[in-house]
Amino acid sequence: MTLARLSISEAGSRLRAGSLTSVELTRAHLTLVRQLDPAYRAFVAVMENTALDEAAAADREFAAGVDRGPLQGIPVGIKDLIDTAGVTTSYGSRVFEGHVPAGDAAVARRLRDAGAVILGKLATYEFALVGPSFDLPAPPATNPWNVARITGGSSSGCAAAVAGGLLRTSIGTDTGGSVRSPAGYCGVVGLKPSLGRVGKDGVFPLSRTLDHVGTVSASVAEAALTLDVIADPGGDGARAASQLDRDIAGLRIAYARDWFASDPGVMPQMVRVMDAAASQLSLLGARIEEVSLPDYAVFEASASVILHAEALAAHSAPLRERSADYGRLAFQSLMSGVCLSEADVELARSVRSTLTEALQDRVFNRFDALLTANTLATAPAFSSFDGKRAVWTPMRTIPFNLTGHPALAVPAGFIGGLPAGMQIVGRPFGEATICRIGHAFEQATDHSTERPPAPMGGSYAQASF
Amino acid sequence: MKKDEAGIDESALLDRAAALGVNIPPDQRIPVLEGARRLSDACRLLRAFKDAEKKPSSSPT
């Protein structure tokens, strides 16, 4: 087995025992990237030299007895929407082609302070807006379960890299589901923390009040470890990894089944996957109760108006100066926002407050967590997208960007050989509880241990050490 | 003034874009209008939601 398949905690144990070096681990990941990424296109930049320097520095610190925590010496990837000092960061756009930030984003600084090895920058939909696009400097990332399928987005490279085994964890962003939906399509774990849990300085804004920094990881435990490193202190989310092994017996989980089960876009098999997941959580001792929530369409409408208004404001200068350099889909999405008035946006913000209070009243004053669908179908084929106009894929993610509740995407089964997943939502700053539920589910099932087939022209066996 | 079926005014949309210093190329106008129409529908839904919220709820007699 390649060393790159070791979980973060397994690798960490070996690094601390002296039976593995970070340089060896980093080289194993780099070998896989060289072999498999031509098919997955997860990386827009591989930082081989600096990664090996950082790995060597981690090894020197281990030898000196310096322990910076669970990500020390571990290769990680960062979405290309997040600034990294001295490394080209183009936000997935020709508009910023060749842009080299002078400083690190706050989250990148936390990773460096924790001794992580930054292996490279990962693909994103242009400015995290919409995709897949075929008129950008780099073609879109592919889904490791079937490279003719999309990853979802906008943290497309994060999901492709983790699902393809190139990384165990990565940092993405989520404004309407950009961590969770690609995690769902690619069969990995996506964690959108509470609004305000992880600093956003140095992240190119899509929507200043809906943007979140999150993780895409191979397992819930690795998502929790990553969160513990990047989170600002406070709440139980700062110690998510230490609470994973508490059982979930007696936890009260609301099940928002009517939010997705009758949607015309839902796959019937997805409803069965969700019902089976609810049953599994019940078998683990959780108390599941169906609840009725405010109309999903109202959440989506409020978020959509806010997102488009804030995105247009964030892009006013580059649109004025470089509009011809935007890809078609991003340009169309941004410009559709010019129809909004200040009164429209004020109305959307007012509804946002109402819905946030309603979710708190109906769910989180009575329940420990909420279970609902993530994407309503498996990953569509690239052939469903012509790149000339946006195609919307149904999901249930954006309400929690609106309300700021933490939400965890966890693999829950397969439909026709493609991953299907669920979403567990928690109280504000309740990341530890949703990670505990997701971890218990993961331990009781084998969905997260399933691996995609090797792409044509590459194989894991070739990459073995 | 051209109006599409959802009542979005294409000329006004182009004027607003021009006020931002942005020209919407002819081959992108229909997709932009479609997006604007979705946002207009969203605003209509939000207004209906607020109106329903303001109405006093009926109570059983």
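Every read-out reported here was derived from the displayed coordinates using simple, explicitly stated rules and does not represent laboratory data. Owing to the predicted nature of the structure, the values given are computational and were not obtained by experimental measurement. We place every Cβ from the backbone using ideal geometry, glycine too, and count neighbours over all the protein chains shown.
Can you tell me the dipole magnitude for segment A:185-262 around its Cα centre, using point charges on the Cβ only (Lys, Arg +1; Asp, Glu -1), in Debye to the nearest 20?
Values: 8 positive and 9 negative charges, 43 e Å.
Computed charge dipole of segment A:185-262: roughly 200 debye.
Bin by bin, in steps of 10 Å, what percent of the Cα pairs in segment A:283-442 do you find, going until the bin that has the longest distance?
The distribution over segment A:283-442 is 9, 30, 32, 22, 7, 1, given as percents.
Quote to one decimal, in nm, the extra length available between residue A:134 and residue A:361 on full extension: 0.36 nm per residue of separation minus the C-alpha distance between them.
Values: separation 227, 0.36 × 227 = 81.72 nm, distance 4.39 nm.
Going from the current span to full extension adds 77.3 nm.
With 10 angstrom as the radius, rank A:145, A:392 by how many other C-beta atoms surround their C-beta, starting from the fewest. Spell out each step's value before the answer.
Working: A:145 22, A:392 8.
Least to most surrounded, the residues fall as A:392, A:145.
Using the beta-carbon distance between residue A:16 and residue A:239 and R0 = 35 Å, what value does 1/(1 + (r/R0)^6) give for FRET efficiency, to the nearest 0.05?
That gives a FRET efficiency of 0.95.
Measuring from a point 7 Å past the Cα of residue B:53 along Cα-to-C-beta, which residues in segment A:177-219 have an amide N at less than 13 Å?
none
Report, to two decimal places, the Cα Rg of segment A:99-166 normalised by 2.2 N^0.38 Å (N = number of residues). Before the final figure, lay out each step's value.
Working: Rg = 13.6 Å, N = 68, 2.2 N^0.38 = 10.9 Å.
Taking the Cα Rg and dividing by 2.2 N^0.38 Å, one obtains 1.25.
One quarter of the convex hull surface, Cα atoms only: what value does that give for segment A:359-465 in nm²? Provide the component values of the computation, followed by the final result.
Numbers: hull surface 40.6 nm².
Projected over every direction and averaged, the Cα hull of segment A:359-465 covers 10.2 nm².
Which one, A:71, A:12, A:47, projects farthest toward the positive side of the charge dipole computed for segment A:1-138 from Cβ point charges (K/R +1, D/E -1)?
So the residue we want is A:12.
Once Lys and Arg get +1 and Asp and Glu get -1 on their Cβ, which of A:230, A:340, A:318 lies farthest toward the positive end of the dipole of chain A?
Selected residue: A:230.
Holding the Cα-Cα limit at 21 Å, pick out from A:79/A:200; A:192/B:50; A:121/A:388; A:79/A:192 the pairs that are longer than that.
Values: A:79/A:200 13 Å; A:192/B:50 29 Å; A:121/A:388 26 Å; A:79/A:192 14 Å.
Table pairs above 21 Å Cα-Cα are A:192/B:50; A:121/A:388.
Give me A:121, B:54, A:200, A:79 sorted ascending by neighbouring Cβ count inside 10 Å, so fewest comes first.
Working: A:121 25, B:54 6, A:200 18, A:79 32.
The fewest-first ordering by Cβ neighbours comes to B:54, A:200, A:121, A:79.
Please work out the C-alpha center-to-center distance from segment A:1-42 to segment A:266-344 and express it in whole Å.
With segment A:1-42 and segment A:266-344 each reduced to a Cα centre, they are spaced 35 Å.
If the chain between residue A:88 and residue A:316 were fully stretched, how many nm would it gain, using 0.36 nm times the residue separation less the Cα-Cα distance? Each step should come with its number before you reach the end.
Working: separation 228, 0.36 × 228 = 82.08 nm, distance 2.25 nm.
Result: 79.8 nm gained on full extension.
Given Cβ point charges of +1 (Lys, Arg) and -1 (Asp, Glu) and nothing else, what value in debye, to the nearest 20, does the dipole of chain A about its Cα centre take?
For this selection, approximately 400 debye.
At most 15 other Cβ atoms within 10 Å plus a DSSP loop assignment makes a site exposed; report the longest stretch of chain A without any exposed GluC sites (Glu not before Pro).
Working: sites that count: A:97, A:450.
Free of exposed loop sites, the longest segment is A:98-449.
Using only the alpha-carbon atoms, what does chain A span along each of its principal axes? Please give whole angstrom values in decreasing order.
Computed over chain A, the largest-to-smallest principal extents equal 57, 57, 42 Å.
Counting only other residues whose beta carbon sits under 15 Å from that of residue A:86, what net charge do I get with K and R as +1, D and E as -1?
Details: positive: A:109, A:112, A:121; negative: A:48, A:53, A:54, A:80, A:83, A:104.
Value of the local net charge: -3.
Along the charge dipole of segment A:316-465, Cβ charges K/R +1 and D/E -1, which of A:330, A:365, A:454 sits furthest on the positive end?
Result: A:330, furthest along the dipole toward the positive end.
Rg/Rh for segment A:86-200: what does it come to with C-alpha atoms and Rh from Kirkwood?
On the way: Rg = 13.8 Å, Rh = 14.6 Å.
With Rg and the Kirkwood Rh in hand, the quotient comes to 0.94.
Can you give me the long-range amide H partners of residue A:422? Hydrogens built in the peptide plane at 1.01 Å from N, cutoff under 5 Å, separation of 5 or more residues or another chain.
Residues meeting the criterion, in which the H sits 1.01 Å from N, are A:410, A:412.
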